[in-house]
Structures are given as structure tokens and as C-alpha cells.
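Step one of this worksheet: look at the structure below.
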Amino acid sequence: MGRRRTIDRDKVLDAAEATVSAVGAAGLTIDAVAKAAGITKGGVQYCFGNKDGLIDAMIERRFNEFDSAVADEVGGATDPVTAMRAHAQVTARMNTAENARTSGMMAALLQREDHMEQNRVWYRGRLDSLDLSTDAGRRARLAFLAAEGTFLLRSFGFAEMDDAEWQDIFADIVALVPKEAD
């Protein structure tokens, strides 16, 4: 009896992200991902069930990667203002490929309300963590919204900016957030 072949979920997710980057969210199909991953359609379905399960896994992975990078940036700090500063710093380090990958997934999010809700919960959690009765909390909220707005403008091609301008904008955004909460 032969050894059972295992499918690497991360490689399938990489193929899904590459598919979205290459042909857009509308081109994200089980068949396209299977071809890109070099496996059968049944292999993709075995890993994720259906297209919605695949999109859910893509979103979850992206959120987890980003949240891990923010956690690494803050070290042991637990205050939300420091987390917002780290959020802006991590976003500032994103390269064009990461922007495209994330914006492609966000375009896929728009296809279903439950995917949108997952995104809303993530954003709401960040905003609700802030104490808006403090100057630091209000500045952190403004920096968060500026970082996300800049990211979306660049990612969706609404505002063209080179890497130097991107870094300059994010230096201003990070400067909005106090290094320590007041």
C-alpha cells in the first residue's frame, strides 16, 4: 500500500493568493487554485470544502500574519495605543506585493456578507480597544484610520505613490501616536 499524499494547506493558500493577484478576485475558482497548486480540484475541496472556505482560510491567515507582526513589534506591551503605533509601523513595512495580496483578498471579501462581517469584527476590535477619553487614544485612532486609508488608497490604485512617498506618509502617521500612552 502506498503512502498517503498530504496536501500542504499553506501552499494551496499561496496558490489562491497568486491566483487573485494574477487574475483578480473574480478569477478565484477551485479549478484555478487547483491548477496553480498542482493538485486536483478534489484536493482543494478536501482542504477547504468550497470557495467560501478557501476565502475564509485566506482571510484568517492574513489576519493572523498581520496580528503576529504587530505582536512582535509591541513586544510585551499590552496597551492599545502601543498596538496602534505598531499597526502603523507594520503597515509601513508592507511592500507592493503584500499590498496587492491583501487588497486582492479584500476584493474577495466584498463578495459575501459573512466575509465582510469578519473584516468588520477585526476593525471594530481595534477601534474599540482605544480609550477615546485620552489624547493618546484619539491620536492612535486617527493614526489607525490614516494608515488603513493610505493602505487602501495605494492598494486599490486610487492614489499612486512610490515607496519613498509611502514611507514619508507613514513616518507622519507613526508620529501621530505617542510612544507611551498618557
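Working carefully through the options 41, 51, find the one that is more than 25 Å from residue 118 (Cα to Cα) and at pLDDT 85 or above.
On the way: 51 fails: more than 25 Å from residue 118 (Cα to Cα).
Of the residues listed, the single one that is more than 25 Å from residue 118 (Cα to Cα) and at pLDDT 85 or above is 41.
Does residue 64 meet the test of being loosely packed, with under 14 Cβ neighbours inside 10 Å, under 30 Å from residue 138 (Cβ atoms) and out of contact with any strand residue (DSSP E or B) (no Cβ under 9 Å at 6 or more places or on another chain)?
yes
Just to be sure before I move on: is residue 136 at pLDDT 90 or above, part of a helix (DSSP H, G or I), surrounded by 14 or more Cβ atoms within 10 Å (Cβ to Cβ) and touching a Pro at 6+ places or on another chain (Cβ under 9 Å) in the structure I sent?
It is true that residue 136 is at pLDDT 90 or above, part of a helix (DSSP H, G or I), surrounded by 14 or more Cβ atoms within 10 Å (Cβ to Cβ) and touching a Pro at 6+ places or on another chain (Cβ under 9 Å).
The values are calculated or read from the model by the stated rules, or taken from the named source; none is laboratory data. If you're wondering where the values come from, they're calculated on a predicted model, not measured in any experiment. Cβ: placed from backbone, ideal geometry, glycine included. Neighbour counts: every protein chain shown.
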